1. Within region 188-288, considering only helices (runs of 4 or more DSSP H) that don't extend past its boundaries, which have at least 3 residues that are farther than 24 Å from ALA89 by Cβ and not aliphatic (A, V, I, L, M)?
2. Residues that are out of contact with any helix residue (DSSP H, G or I) (no Cβ under 7 Å at 6 or more places or on another chain), among the small types (Gly, Ala, Ser), crowded, with 16+ Cβ neighbours inside 10 Å and farther than 21 Å from GLY39 by Cα: does region 191-212 have at least one?
3. Within the bounds of region 136-149, is there any residue that is surrounded by 17 or more Cβ atoms within 10 Å (Cβ to Cβ) and either within 21 Å of PRO222 (Cβ to Cβ) or modelled with pLDDT of 90 or more (or both)?
4. Please state which of the following conditions ASP253 fails to meet, knowing it meets all the rest: (1) over 17 Å from PHE157 (Cα atoms); (2) of a type in the set (Asp, Glu); (3) at pLDDT 90 or above.
5. So which pairs qualify, if the first residue must be in region 174-193 and farther than 20 Å from GLY306 by Cα, the second must be aromatic (Phe, Trp, Tyr) and part of a strand (DSSP E or B), the Cβ gap must be under 9 Å, and the two must be at least 6 apart or on different chains?
6. Just the residues that are over 21 Å from ASP253 (Cβ atoms) and assigned to a helix (DSSP H, G or I), please, taken from region 91-125.
7. Does GLU280 satisfy the criteria of being surrounded by fewer than 17 Cβ atoms within 10 Å (Cβ to Cβ) and either modelled with pLDDT of 90 or more or in contact with a strand residue (DSSP E or B) (Cβ under 7 Å, 6 or more places away or on another chain) (or both)?
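The values are calculated or read from the model by the stated rules, or taken from the named source; none is laboratory data. Since the structure is predicted, the reported quantities are computational estimates derived from the model, not experimental observations. Please note: Cβ atoms are built from the backbone with ideal geometry, for glycine as well, and neighbour counts cover all protein chains shown.
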Amino acid sequence: MTDDIRLAFAHPSERAEASSKTPCDRISLRDYVVAVEIGAFQQERGTLQRVRFNVVVEVSPLTGPIDDDVDRILSYDRVTEAIGAELEAERINLLETLAARVAERILLEPQAERVFVRIEKLDRGPFSLGVEIVRARDGSAPAGQTHVETPHPRVVFLSNAAIKSAYLTGWIDQLAQSDLSLIFCVGADDRPAPQAANALAQRRIDLLAIEQNAWTLAARDPRCMVVGTRTELDWAMKNGQICIWAPSKIVLDAVDGPSAGPRDALALVAWFAAEMQAQEMLVIGADAPETDVPVRCVDVTTSDLG
């Protein structure tokens, strides 16, 4: 029991050695500290805190001479790049989520067989708080083979006049006939939202005002489902579900998110369309925003979307 307790708090390299059942080589990243915004508590939003990474990757022993060739080994840079890529992808609430994503990305490397990831927050008190996980490559198939590409949707922005239009059901009928996945987006209702002196509070109020309008749209047509997470959006697109985007979670979790005021609704949707790699952005009842996504505008008085 004493040895088990010692190993429980030992460095991941010792854990890896103690639990290994086959001969392997190991590379390690020790005490890699970055400052990042992370955490589920409100007090952790809008502030950076230090996070320490310790990572050990088990790799199959090389056959034949290495010949001092960097291309034959798993570079340490691939480990730090995996961490950086996941931190830049979106704001993360849980260390458990970050650890799992870092491990999964490392295991995409052909040399990697098993990975130990320990992540600790260093600024939550006079101590460190952390998680440690172990992940192994699935022996039944090479890592990454089961990936299914997410569709490139059509993102449709509806003005408030479009939401109230008698043509709404007909527009949805026309758009639903396309092979493209369909995501509707809206701005806030025309009624003014409450005003707050605090910028972060106002941002949340404005986002909630948009989501209230999303539910108003959903009530107009039972085919439409309000969706707020990337996971739900990906599932819906792959399964033919028409979505209405509720922006709060994706916007607040974005590493470099846009402004979210009611007057910025089109800019917000244009940012979202780019994030979703949309094939087209259709704007009904408003002018085209600045975006690299192909945009088509339709007047709210037009019944045929073409």
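1. Values: elements: 199-220, 230-238, 248-253, 265-275.
It comes to 199-220.
2. no
3. No, because not a single residue in region 136-149 is surrounded by 17 or more Cβ atoms within 10 Å (Cβ to Cβ) and either within 21 Å of PRO222 (Cβ to Cβ) or modelled with pLDDT of 90 or more (or both).
4. (3)
5. Filtered contacts from region 174-193: VAL186/PHE157; VAL186/TRP245; GLY187/PHE157.
6. Listed by number, the list holds a single entry, ILE106.
7. Details: surrounded by fewer than 17 Cβ atoms within 10 Å (Cβ to Cβ): yes; either modelled with pLDDT of 90 or more or in contact with a strand residue (DSSP E or B) (Cβ under 7 Å, 6 or more places away or on another chain) (or both): yes.
Against the criterion (surrounded by fewer than 17 Cβ atoms within 10 Å (Cβ to Cβ) and either modelled with pLDDT of 90 or more or in contact with a strand residue (DSSP E or B) (Cβ under 7 Å, 6 or more places away or on another chain) (or both)), GLU280 qualifies.
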